[in-house]
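Remarks on the structure that follows.
Nothing in this text is a laboratory measurement; each read-out follows from the coordinates by a stated rule. In this text the structure is predicted, and so the values were computed from the model without any measurement.
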Amino acid sequence: MGTPARLPRALRRAQLLETATRQFTRSGYHRTSMDSIAAAAGVTKPVLYQHFGSKEDLYLEVVRAVGARLITEIDQITDLEGGTRSRIAHGLHCFTTVLVESGTALRMLEASEAVSEEVTRAVTEIVGHAGDAIAQALMRHREIPASDAHILGQGLAALARSNAENLASASTAEERERITALLTTFMSDGLWSFPPRATPGPPSGTLTAAVAHDVRPQAIAHPEQVAHSDLIA
């Protein structure tokens with residue numbers, strides 16, 4: 001292995017994180033080693049350990065980066081033009097793209113790999129944050145009490161996750177379109193039972209004290225940032 005190019009520390013860390021995400025996506029946590037990540041990144045293992053103290057620390061950062069990406073996507077849905085149905089359809093498409101393109105995201109949300117209690121807590125927080133972000137988006141466009149929006153947000157997050165899993169296993173484009181159309185109809189028709197706000201804007205209420213917190217997980221440096229939208233409004 002040749003001498004790796006010297007990069008500023010933040011850029012090197014971002015590069016290592018990106019490489020680790022690909023490795024974890026391909027092989028999962030338990031079958032990925034620090035040796036394989038270092039080799040794929042073109043650095044020595046000591047260089048990798050200068051940035052991340054252990055494989056678990058590195059995986060935890062990957063999980064948090066994916067979580068921050070998901071929440072950013074959800075936040076963008078409130079700015080979409082169009083009616084309820086078009087926002088849902090576009091949001092489901094974007095949300096699914098993030099999950100399906102990242103096996104790490106699907107594994108994370110499915111909790112199919114037991115890594116540690118700390119990773120499990122991080123995943124639980126991310127799923128909760130996603131539901132709360134959806135609740136905030138709902139309250140911008142519908143007259144929904146904050147406590148009800150919280151319940152709906154958590155339920156819609158679960159539906160979107162299920163949709164992503166179904167799309168990941170779909171064998172044809174037609175099947176993927178059918179699944180998305182089905183979920184769009186279900187979600188949009190259900191939301192019409194809540195009257196629209198005369199002027200969309202900041203929520204008229206706030207989430208309950210138990211869930212009133214910053215819905216955005218701590219963002220960390222990552223060379224790839226997704227643009228646009230996520231779930232529902």
Length gained when the stretch GLU143-SER54 is fully extended (0.36 nm per residue, less Cα-Cα span): 27.3 nm
Two-decimal ratio, the range 1-64, of alpha-carbon radius of gyration to 2.2 N^0.38 Å: 1.01
Distant-in-sequence amide H partners of ARG142 (H built 1.01 Å from N, under 5 Å): ARG197
Backbone HN-Hα couplings from phi across the range 165-174 [Karplus 6.51/-1.76/1.60, Hz, Gly and Pro as x]: 5, 5, 5, 5, 9, 5, 9, 9, 5, 4
